[in-house]
Amino acid sequence: IDGNGFQVIDRSQSPPIDFGTVPGGTTTVAQTAEIYNGGNLPLNISKIATATANFTLQTASSSPCGNSIVLQPGALCEVAVTFTSPGQGSFSDAITFTSNTSGTLQPIQLSGIGAAPVVPVASLSPNPLAFGGQVFNTTSPAQIVTLSNTGNAALSSIAPTITGTNPSNFAILT
C-alpha cells in the first residue's frame, strides 16, 4: 500500500512452468504465463528477464508483455518462454520482473530436464570384413553386411562407399 491508500499488485496467474524432459540440443515450443494487475494503479514493468541462456523469452501471440509496458488496473499480459536443453541434467531459472511495486515481485519459476540427445548411431557387422586368400583376378563370394541403428533417432541419407587400400578392387552389390 502506498501513501494514498491505493494498492498495486502484480501476480502471475500461472503456476511454475515445467518443460518436462527434453532431448539435448532441442528447443521446446513456447509456454506462456499471464501477468495480472489486480491493483488500483497502473503497473509499470520496466524489465522482464531470465538469468540463463537455456530459458529464452519469446513474444507471446496474444497480449504480449515486454520491457517498458504499463498494465492498467484489471489488465493482463502474457510472457512466453522456451527451454533449450544443453545436455543431460536438471535445469532451472525464473522469469523476473522489475516494476514500480513497493514489494518484491514474484518470479515465475522455470524448470526442465535435459535428456540424452536424439541422434542416430550407425554400426556395421561384421566389421571388418575378412575375405581371406583370393586367387588373382577372380571374384570372391559376396559377403553380407548388416547396417544397424543403435541410436534413438532415425538413420537417413545412407550412401555406402568403399574406402581404404585399393577400393577399386571391391564392389557394393545391392
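The values are calculated or read from the model by the stated rules, or taken from the named source; none is laboratory data. Since we're looking at a predicted model, the values are computed, not measured. Don't worry about glycine lacking a Cβ; one is built from the backbone with ideal geometry, like all the others, and counts go over all protein chains shown. For accessibility, only protein heavy atoms count, side chains too; no ligands or nucleic acids. Shrake-Rupley method; radii C 1.70, N 1.55, O 1.52, S 1.80 Å.
Sorting the segments 144-150, 165-171, 63-69 by their mean number of nearby beta carbons within 10 angstrom, highest to lowest, gives 63-69, 144-150, 165-171. Summary of the geometry: the range 60-74 and the range 30-59, compared by the centres of their Cα atoms, lie 8 Å apart. For the chain, modelled as a GNM whose springs connect Cα atoms under 10 angstrom apart, the maximal fluctuation among T138, T84, T26 occurs at T138. Considering all different alpha carbon pairs of the range 95-159, the Kirkwood hydrodynamic radius works out to 18.2 Å.
A simple charge model with +1 on the Cβ of Lys and Arg, -1 on the Cβ of Asp and Glu and nothing else charged puts the dipole of the chain at about 380 debye relative to its Cα centre. Per-residue 3J(HN,Hα) values for the range 45-57, derived from phi via the Karplus relation 6.51 cos²θ - 1.76 cosθ + 1.60 with θ = phi - 60°, read 9, 8, 8, 10, 8, 10, 9, 10, 6, 5, 10, 10, 6 Hz in sequence order (x marks Gly and Pro).
By DSSP, the beta bridges lying fully in the chain are antiparallel in about 85 percent of cases. Please work out which option in (1) 56, 35, 35; (2) 103, 25, 21; (3) 44, 31, 19 gives Cα extents along the principal axes in Å calculated from these coordinates, and answer with its label. Here the calculated entry is (2). For the pair L147 and A75, the difference between a 0.36 nm per residue extended length and the Cα-Cα distance amounts to 20.0 nm. Just to verify a number: FRET efficiency for L155 and D18, C-beta to C-beta distance, R0 = 41 Å, to 0.05? So, using R0 = 41 Å, E works out to roughly 0.80.
With every protein chain present, what is the per residue accessible area of the chain (1.4 Å probe, Å²)?
Working: 11050 Å² over 174 residues.
Roughly 63 Å² per residue, with all protein chains present.
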